[in-house]
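The structure appears right after this line, and notes come after that.
The values are calculated or read from the model by the stated rules, or taken from the named source; none is laboratory data. Source: prediction; values computed, not measured. Cβ sites come from the backbone with ideal geometry, for glycine too, and all protein chains shown count toward neighbours. Areas reflect the complete protein model, heavy atoms only, side chains present, ligands, DNA and RNA absent. Shrake-Rupley method; radii C 1.70, N 1.55, O 1.52, S 1.80 Å.
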Amino acid sequence: MTEPNSKELRRRHPIPPKDGFGFALLALILAVALWLATGWVMWLVKQTMTANGFQASWADALLVLFALLPSGLLWSALRSLGQARRARQALQSENLIAARVHSSEAHTWAWFTLGYVGALVLFLLFVLFFIANNVAVGRTFFQLELIRNSFGLILQAFWVNVVIFLFAGVFSLIWGLVVAIAKLLPGKPAQPIRFIATFYTDAFLSLPSIIVIYLIGFGLPLTGIGFFRNLPLEALAVLALTLTYGAYMAEVYRAGLESIHPSQWAAARSLGLSYGQTLRFVVVPQAVRRIIPPLLNNFIGMQKDTALVNVVGVIDAFNQARIIASNDFNLSAVTTVAILFILITIPQTRLVDRLVERDRARFRQG
Amino acid sequence: MSFLEIRNVHKRFGANEVLRGINLTVEEHQVVCLIGPSGCGKSTLLRCINGLEEIQEGEIRLHGDRITGPGVDLNALRRDVGIVFQSFNLFPHMTVLQNITLAPTQVLRMPEPEARAKALALLKRIGLEHKAQAYPDQLSGGQQQRVAIARALAMEPMLLLLDEITSALDPELVSEVLNLLRELAREGMTMILATHEMGFAREVASKVCFMYGGVVHEEGPPEQIFSNPQRERTQQFLASIIEAGRL
Ligand SMILES: Nc1ncnc2c1ncn2[C@@H]1O[C@H](COP(=O)(O)OP(=O)(O)O)[C@@H](O)[C@H]1O
Ligand SMILES: [Mg+2]
């Protein structure tokens, strides 16, 4: 008989919300601490700059600006505290609904403060790391002078990477589709073709691309066959990457083609369309939408792998940067390459996200 | 020689023998209704007639010509035998018009303008001219199913197979599809339809076949099957249909 009673009890005495005062206070304390810490780190930066004889009013202004930045968090923490106080008052006057509203606001603002505190802490740690040991990190990776001097050379060499991945990208997209269709060919006569295609993808999915590049880049010219001997190394690199990524692309295509419901095949075949016509007009156009994001992801992966072609002596951006780095005992030129790769990749990953999101929106519509 | 002759057709999925010796003849301009409990093989039989499934034994003849077994040009057969599915199966990436013109232009090599004109005439007939440029997901279920019928009709088939084409529709959309079938029947289109719409079967069928146990268990004119079934299984099936308020 206790059951209905406790239910009755709960109905008459709903659970009051927490006012969130302690949480808000914690946010405020952390915000203040972070403010002090930021001031301290900026002070350290200023000292390092002076020690290195660097003096500029814009830099000072920047430091002051950074030091002031966390004051915004004081505002949000205070706001949380204010809401928490109103929640407490509402609780005292037994206004549960108002208490919930203010408590929820207090929690939201406290979380907001904590989120930014966390991000800023990471930023400060990075700055400390950068200036540690009298800017050793900064000097090793970000020597502006070196970056400026080597930039032209690196950019030129990066063009080699771009050419390689554009060619290998287009070729592997086509080659992958051919392999995927070979793997999906129906019937007994196509069995040997299916077998070869399956073996090919299995082999190249398991081979590290650096080994393929090495074998093809060094091996094919060694065979002495005229055609391969006269090919530029870059073309061999394209061939190696096409073979490797063709296998990845083929798997994506195959998954995409197989994701089209068999009823679409039945509908097309029942109208008299042949196997090839069904693929071309019905299945591939529907599959392409779904597989563009994963294909693009493979493409991005391949761009990064163009840096591996240095093992056979192609002067790409990374190889060029290594040469410069070993001359200067400094990695800043390699940093330039890293930045170039990041710059060309970020727009593409954003694009993939956009495409995935668009597809999802379409799917939600029904 | 009948228009369509199905003789002793057996169909197995692995160890599961779904059709165990189907015998059925259909004359030109007849409407034959297949009824029977779910899973008795109605869809499978229709898919065999269209060559979407291979049969293991027996034969099917259309106009005296054998359409099962090795060496049959299935693509050619399917020009003559159209099928409409329960789940419409329109091509979602194509407009209504493209759905209808795809097969005539690609399979019959009909010139594009002619195919379009024909498709528009068909759409006008089913009252969906204004939807020619719409995509399937912009149509109601009933409209989609009518487009699917138009898509099959665009190939001018000699025989139309319809597999429970109203089963996936909301009740208020069923009649618009049945009206279209009624009209086709009146014009003399030869049709085989698997259906649970007993009232409709009674109205339009030339012959009703009750399938059970992988064979045609009982067949006859609709009045006989529905009012005076001879065999016990048929009686039980119809009793359960009546109990469900569907007859
Ligand atoms: N592609 C298939 N593979 C295996 N079994 C199948 C397949 N298609 C149908 N079946 C089986 O065949 C039987 C008959 O199915 P179906 O022809 O769809 O019946 P109905 O249309 O009369 O409801 C069912 O038991 C089903 O499980
Ligand atoms: Mg069925």
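Below is a table of values for the structure above.
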{"quantity": "Charge-dipole axis of region A:6-140 as Lys and Arg at +1 and Asp and Glu at -1 on Cβ define it, positive-most pick from A:Leu96, A:Leu122, A:Asn52", "calculated": "A:Leu96"}
{"quantity": "Carbon/sulfur fraction of accessible area - the protein assembly as shown, other protein chains in place, 1.4 Å, %", "calculated": "61"}
{"quantity": "Reachable lysines, given that their alpha-carbon falls under 19 Å from the alpha-carbon of B:Lys131 and they are not under 8 places away in the same chain", "calculated": "B:Lys118"}
{"quantity": "Segments A:171-177, A:52-58 sorted - mean Cβ within 10 Å per residue, highest first", "calculated": "A:171-177, A:52-58"}
{"quantity": "Summed side-chain charge close to B:Arg12 - residues other than B:Arg12 whose Cβ falls under 15 Å, Lys, Arg +1, Asp, Glu -1", "calculated": "-1"}
{"quantity": "MRE, 222 nm, helices only [DSSP H, n ≥ 4, -39500 (n - 2.57), over chain B, to nearest 500]", "calculated": "-11500 deg cm²/dmol"}
{"quantity": "Helical contribution to [θ] at 222 nm, DSSP H n ≥ 4, -39,500 (n - 2.57), averaged over chain A, rounded to 500", "calculated": "-27500 deg cm²/dmol"}
{"quantity": "Cubic angstrom per residue, convex hull over Cα atoms of region A:146-365", "calculated": "144"}
{"quantity": "Computed over region A:35-100: relative contact order in percent, which uses C-alpha pairs under 8 Å that are six or more apart", "calculated": "30"}
{"quantity": "For the protein assembly as shown: accessible area per residue (Å², 1.4 Å)", "calculated": "51"}
{"quantity": "Relative contact order (%) - criterion: Cα under 8 Å, at least six apart; region: chain A", "calculated": "18"}
{"quantity": "Assigned charges on the beta-carbon of Lys, Arg, Asp, Glu; chain A dipole about Cα centre (debye)", "calculated": "1260"}
{"quantity": "All-pairs alpha carbon distance profile, region B:4-243, 5 Å steps from 0, percent", "calculated": "1, 6, 14, 17, 19, 17, 13, 8, 4, 1, 0, 0"}
{"quantity": "Full-stretch length increase - A:Ala59, A:Asn95 - with 0.36 nm per residue and alpha-carbon distance subtracted", "calculated": "7.7 nm"}
{"quantity": "Nonlocal amide H pairs with B:Arg12, under 5 Å, H built at 1.01 Å", "calculated": "B:Val18, B:Gln56"}
{"quantity": "Spatially proximal aspartates and glutamates relative to B:Lys11 (Cα-Cα < 18 Å; intrachain offsets below 8 disregarded)", "calculated": "B:Glu53, B:Glu54, B:Glu57, B:Glu59, B:Asp163"}
{"quantity": "Between A and B, accessible area buried - total, square angstrom, nearest 100, 1.4 angstrom probe", "calculated": "1700"}
{"quantity": "Enclosed volume per residue, in Å³, of the convex hull spanned by Cα atoms of region A:7-136", "calculated": "99"}
{"quantity": "Mean separation of Cα contacts under 8 Å (6+ apart) over length of region B:4-243, as relative contact order %", "calculated": "27"}
{"quantity": "Debye equation applied to the C-alpha atoms of the protein assembly as shown, log10 I(q)/I(0) at 0.06, 0.12 Å⁻¹", "calculated": "-0.63, -1.15"}
{"quantity": "Centre separation in Å (Cα based) which lies between region B:130-146 and region A:36-51", "calculated": "68"}
{"quantity": "Rounded if a/c under 1.5, otherwise prolate or oblate - region A:101-199, Cα gyration tensor axes", "calculated": "oblate"}
